[in-house]
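S.K.: I am attaching a structure below and will ask some questions about it afterwards.
The values are calculated or read from the model by the stated rules, or taken from the named source; none is laboratory data. Computed from a prediction, not measured in an experiment: that's the story for all the values here. Because the Cβ atoms are built from the backbone with ideal geometry, glycine has one as well, and the counts that use them run over all protein chains shown. In case anyone asks, the SASA skips ligands and DNA or RNA and just uses the protein heavy atoms, side chains included. Shrake-Rupley method; radii C 1.70, N 1.55, O 1.52, S 1.80 Å.
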Amino acid sequence: SFMDAGMLVPDEVIIGVVADRLEQEDCKTSGWLLDGFPRTPGQAEALASAGVSADCFIFLNVPDDMLVDRVVGRRTDPVTGKIYHMTFSPPDDEEVLAPL
């Protein structure tokens, strides 16, 4: 309901969802990867308080200009909601491309 209203989902809701998911058997046996989360020290502290800890971390050091190129090229199809990137994965169909 937060996202439907265009609001950010509160940290306590996200932490609960992530912590619950990481308690599932497949995560316990096969491991897990969090992409872009936690984003803030508060989120990291809340995860730690929930008993979530990682064995290792991967830090990607990407130049700002490359990040900007990735973000500004994104487009969402207003009909299907599918996300395209105008450089890296543009739509093949001209009808789909036109409103983007």
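S.K.: Modelled label-to-label distance, VAL71 and ASP92, 7 Å Cα→beta-carbon offset: nm?
M.R.: Modelled inter-label distance: 3.2 nm.
S.K.: Ok, one more. Taking the C-alpha atoms of the chain, how large are the radius of gyration and the largest Cα-Cα span, Dmax, in Å?
M.R.: 17.8, 50
S.K.: So how far apart, in nm, are the two label points at THR80 and VAL17 if each is 7 Å from Cα heading toward Cβ?
M.R.: So the label points at THR80 and VAL17 sit 2.4 nm apart.
S.K.: Which whole-Hz couplings ³J(HN,Hα) result when phi for each residue of the range 80-93 is put into the Karplus expression 6.51 cos²θ - 1.76 cosθ + 1.60, θ = phi - 60°, listed in order with x for Gly and Pro?
M.R.: Running phi through 6.51 cos²θ - 1.76 cosθ + 1.60 with θ = phi - 60° gives 9, x, 5, 9, 10, 10, 5, 9, 8, 8, x, x, 7, 8 Hz.
S.K.: OK, next. Residue by residue, what Karplus-based ³J(HN,Hα) values in Hz, rounded to whole numbers, does the range 8-25 have, using 6.51, -1.76 and 1.60 with θ = phi - 60° and x for Gly and Pro?
M.R.: 6, 6, x, 3, 5, 6, 4, 4, x, 5, 5, 4, 4, 5, 6, 7, 5, 4
S.K.: If the convex hull of the alpha-carbon atoms of the range 1-48 is projected onto planes in all directions, what is the mean projected area in square nanometres?
M.R.: 3.9
S.K.: Charges at C-beta only: +1 for Lys and Arg, -1 for Asp and Glu. How large is the resulting dipole of the chain about its Cα centre, in Debye rounded to 20?
M.R.: I would put it at about 160 debye.
S.K.: Could you order ASP77, ASP35, ASP26 so the one with the most accessible surface comes first? Probe is 1.4 Å.
M.R.: Putting ASP77, ASP35, ASP26 in descending order of accessible area: ASP35, ASP26, ASP77.
S.K.: I'd like the accessible area for LEU67: 1.4 Å probe, protein heavy atoms, all chains in place, Å² to the nearest 10.
M.R.: Surface accessible to solvent at LEU67 totals approximately 80 Å².
S.K.: Which value in deg cm²/dmol, rounded to the nearest 500, describes the helix-derived mean residue ellipticity at 222 nm for the chain, given -39,500 (n - 2.57) per DSSP H run of n ≥ 4 and division by the residue count?
M.R.: Value at 222 nm, helices only: -10500 deg cm²/dmol.
S.K.: Let me ask something else about it. Taking a probe of 1.4 Å, how large is the accessible area per residue of the chain, in Å²?
M.R.: About 82 Å² of surface per residue is accessible.
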